[in-house]
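The values are calculated or read from the model by the stated rules, or taken from the named source; none is laboratory data. In this text the structure is predicted, and so the values were computed from the model without any measurement. Heads up, the Cβs are rebuilt from the backbone with ideal geometry, glycines too, and the neighbour counts pull from every protein chain shown. All accessible areas refer to the heavy atoms of the entire protein, side chains included, with ligands and DNA or RNA removed. Shrake-Rupley method; radii C 1.70, N 1.55, O 1.52, S 1.80 Å.
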Amino acid sequence: MSEPKKPHYELIIGDIMDLLPKYKEKFHLMIADPPFGLEFDKSSHEYGASDYILYDDKFTADEYEIFSYKWISRCFDALTPDGSLYVISGWTRIGEILNAVKKTNFTLLNHIIWHFSWGVFTKKKYVTSHYHILFLVKDKKNYKFYPQYSNPNTKRKGEKYENDVWYWPKYNRGNDPDRIKGHPCQLPIVMLEKIIKISSDPCDWVGDIFSGSGGTILACRRLGRNVIGFEINKEYESIIKKKARFNSEIFPFLPKEKSNDAKSLTQFL
Ligand SMILES: C[S@@+](CC[C@H](N)C(=O)[O-])C[C@H]1O[C@@H](n2cnc3c(N)ncnc32)[C@H](O)[C@@H]1O
């Protein structure tokens, strides 16, 4: 019997505006955590941020909406007919992103809130402790959705549901085992794994168009999905390859849920 094919993983350094048109109907799932569009500033962003390599991130509101429209419509073309796009954003630019989404053919199925437990602890205004996650599908009659969570409050045993507010009570950035020095804004692997499990099948193709530190590549390797990460900034290449363990075998083929390497999925629940 021939060996099963191993899932593909790849990082492409370059601008997604030029690269994505080459991937027509390639991806079943795309994840986009775009630049915030606010000039990153070590002093205001986060305490102890001196280890970060910051990226160029300055847009006016109008420029940001045009930029968003361009990459969101490129994602539409790069998705399979049953594909989904998750867009992750802070509150400051969500207006421009929503305006841009309205101009595309995507259907917005959910507007998820991720509540996190850290932030800059402001005394004269509310502490920002949430992110927005938009769940968009190309075809509202044909898309993948596999709920993972058995809600104890429902009488219908065995049925699974997903809520549109996400929170991992034991997770904070300090205890994230996969966090790596060098990139300022890293999404938790638990969250990426949740998205991947809900909206794709093993061996599907996943694209992360703003790879950053490479968390999506790592999560896909653990879950046996084919993945391509795109990142414009070459300075992040070695960080991504380190975080996503480019030099080591993660699974010979499809991961078993109980494997040690998938621990990050459950430890923060
Ligand atoms: C908010 S960060 C993503 C962080 C990532 N989700 C993580 O968990 O590490 C946005 C990233 O997009 C990259 N980027 C910005 N414009 C890009 C473009 N046109 N093409 C590809 N990558 C881009 C930035 O360099 C930055 O690393």
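Which peptide among 203-216, 140-153 comes first, and what is the full order, when sorted by highest mean count of other Cβ atoms within 10 Å?
With the highest mean Cβ count within 10 Å placed first, the list reads 203-216, 140-153.
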### Amide hydrogen neighbours beyond the local backbone of THR80, cut-off 5 Å, H modeled
LYS26, PHE27, HIS28
### Message
Using amide H atoms built in the peptide plane, which far-off residues or other-chain residues are under 5 Å from VAL227 H to H?
### Response
HIS8, TYR9, GLU10, VAL206
### Task
Please find the FRET efficiency linking GLU25 to ASN175, where r is the Cβ-Cβ separation and R0 is fixed at 41 Å, and quote it to the nearest 0.05.
0.55
### Unsatisfied cross-links (Cα-Cα over 18 Å) in the set LYS6/LYS242; LYS141/LYS194; LYS197/LYS242; LYS144/LYS194; LYS58/LYS124
LYS6/LYS242; LYS141/LYS194; LYS197/LYS242; LYS58/LYS124
### Local electrostatic count, LEU20, Cβ distance below 15 Å [Lys/Arg +1, Asp/Glu -1]
-1
### Query
Contour minus end-to-end for LEU109 and ASP77, with contour as 0.36 nm per residue of separation and end-to-end as the Cα-Cα distance?
9.7 nm
### Query
Where in the range 207-237 does the label zone of ASP15 land, with the point 7 angstrom along Cα→C-beta and an amide N cut-off under 15 Å?
231-234
### Heavy-atom accessible area ranking, 1.4 Å probe, most first, across LYS26, LYS170
LYS170, LYS26
### Query
In the range 9-265, what % of DSSP beta bridges are antiparallel (nearest 5)?
45 percent
### the range 163-224 - Rg over Rh from alpha carbon coordinates, Kirkwood radius
0.96
### Query
Hey, if we sort HIS132, HIS111 by accessible area with the 1.4 Å probe, largest down, what's the order?
HIS111, HIS132
### Message
Check which residues have an amide H placed less than 5 Å from GLY90's amide H, if you skip close sequence neighbours.
### Response
HIS132
### Task
Quote the FRET efficiency, to the nearest 0.05, computed for TYR161 versus LYS6 with a Förster distance R0 of 35 Å and r equal to the Cβ-Cβ distance.
0.55
### Task
Could you pull the accessible area for GLU162 with a 1.4 Å probe, rounded to 10 Å²?
40 Å²
### Message
If you take every residue apart from ILE209 with its C-beta less than 14 Å away from the C-beta of ILE209, what net charge results, scoring Lys and Arg +1 and Asp and Glu -1?
### Response
-3
### Query
Which residues does a label at TRP118 reach in the range 127-148, if reach means a backbone N under 16 Å from a point 7 Å past the Cα toward the Cβ?
128-131
### Query
Going by average Cβ neighbours within 10 Å, how do the peptides 70-80, 117-127 rank, with the highest at the top?
70-80, 117-127
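Can you tell me how much longer the chain between THR92 and VAL127 gets when fully stretched, taken as 0.36 nm per residue apart minus their C-alpha distance, in nm with one decimal?
11.2 nm
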### Summary
Sorted on mean Cβ neighbours within 10 Å (highest first), peptides 224-230, 85-91 come out as 224-230, 85-91
### Query
Net charge near PHE230, counting Lys/Arg +1 and Asp/Glu -1 over other residues with Cβ under 9 Å of its Cβ?
-3
